[in-house]
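Written out below as structure tokens is the structure these notes cover.
The values are calculated or read from the model by the stated rules, or taken from the named source; none is laboratory data. Just so it is clear, the structure is predicted and the values come from calculations on it, not from any experiment. Here the Cβ is made from the backbone with ideal geometry for all residues, glycine too, and neighbour counts use every protein chain on show.
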Amino acid sequence: MTIAEQSAPAALLERHGAVALITLNRPRAMNAVNAALSTAVGAALDELASDPSLRVGVITGAGRAFSAGADLKELAAGRSVHDPQHPERGFAGIVRHFVDKPLIAAVNGFALGGGTEILLTCDMAVMSDEAELGLPEVTRGLVAAAGGLLRLHRQIPPKVAARAVFTGDPIDADDALQWGLVNEVVPADQVLGTALTLAERIAENAPLAVRASKRIMAHSNEVGSDWHEAAWAMNEEEFATVRTSQDAREGAVAFAEKRRPAWTGS
């Protein structure tokens, strides 16, 4: 490894208009997660969350992999792969780090184990037709403890998830698309462009409304059935803020005037 590679940030944030492109940047290690990567991704997500000019995040990997999961060399040496200052953010600085702006995984390559758990944290995904997903932890005497066992069965049919978890068998791109684990499957060289186009489409919409929509969907399980009063109270509380916003008025006026709305995020 060269000196430049040693000193390079473990994750990068680039701005593409209103889209934050977060790149896992340890290509020689197949973007395996160590403490530096967890720290850098967590900081990038904080920047996305706090900057009103950024509306959507896209997460991808440098080189030929999305992420090979935890850096086993670090674990073998007894070192943590979490951000030492923010362990509450979880694996890769993301799996327990809620951001109320949409996140899109651009799965450009290998993404088993922890790589799949990063994808499961995201709201949407674009996947290379050459990539594979999966949670092989049981084949190594482990469990998918970075959110895999909490999320996979909520995002695809439970029995399909159970087979993937209990066998450790990989999920190819066709199956991932069939079961709705990803939104699109494209050739590897089109993954990032497709994800950025999707992100830009989302960024065209009213930012307050998009963020409130994500919060309602994300928190609906916490408040029970959609027939439960608490669910509707949470829904109404979020809607009350959005419907009195300047953007809600702008949306109606722009529609009446047959023009594109000019959102202010207020």
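To keep it simple, each residue is scored yes or no on (1) of a type outside the set (A, V, I, L, M, F, W, C); (2) surrounded by fewer than 19 Cβ atoms within 10 Å (Cβ to Cβ); (3) farther than 28 Å from THR194 by Cβ; (4) under 19 Å from the mean Cα position of the chain (by Cα).
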position	(1), (2), (3), (4)
GLU132	yes, no, no, yes
GLU137	yes, no, yes, no
GLY147	yes, no, no, yes
HIS153	yes, yes, no, yes
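Taking segment 100-181 and the helices (runs of 4 or more DSSP H) fully enclosed by it, the elements with 2 or more residues that are within 18 Å of GLY90 (Cα to Cα) are at 114-121, 148-155. Of the residues in segment 78-88, none is touching a strand residue (DSSP E or B) at 6+ places or on another chain (Cβ under 8 Å), assigned by TED's automatic domain parsing to the domain that holds ILE118 and surrounded by fewer than 19 Cβ atoms within 10 Å (Cβ to Cβ).
Is there a residue in segment 47-62 that is of a type in the set (Gly, Ala, Ser) and touching a residue at least 60 places away in the same chain (Cβ under 8 Å)?
Taking segment 47-62 first, the residues of a type in the set (Gly, Ala, Ser) are 49-50, 53, 57, 61-62.
Restricting the remaining residues to those that are touching a residue at least 60 places away in the same chain (Cβ under 8 Å) gives 57.
Scanning segment 47-62 turns up at least one residue that is of a type in the set (Gly, Ala, Ser) and touching a residue at least 60 places away in the same chain (Cβ under 8 Å).
Residues checked against (1) closer than 28 Å to GLU204 by Cα; (2) touching a residue at least 40 places away in the same chain (Cβ under 8 Å); (3) in a loop (DSSP other than H, G, I, E, B):
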position: ARG215; (1), (2), (3): yes, yes, no
position: ASN235; (1), (2), (3): yes, no, no
position: ALA248; (1), (2), (3): yes, yes, no
position: ALA254; (1), (2), (3): yes, no, no
position: LYS258; (1), (2), (3): yes, no, yes
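Among the numbered criteria (1) touching a helix residue (DSSP H, G or I) at 6+ places or on another chain (Cβ under 9 Å); (2) crowded, with 17+ Cβ neighbours inside 10 Å; (3) over 23 Å from ASN221 (Cβ atoms), which one does THR167 miss? Answer for THR167: the failing condition is (2). The helices (runs of 4 or more DSSP H) found wholly in segment 1-98 and carrying at least 1 residues that are among the polar types (S, T, N, Q) and over 13 Å from the mean Cα position of the chain (by Cα) occupy 3-7, 35-50.
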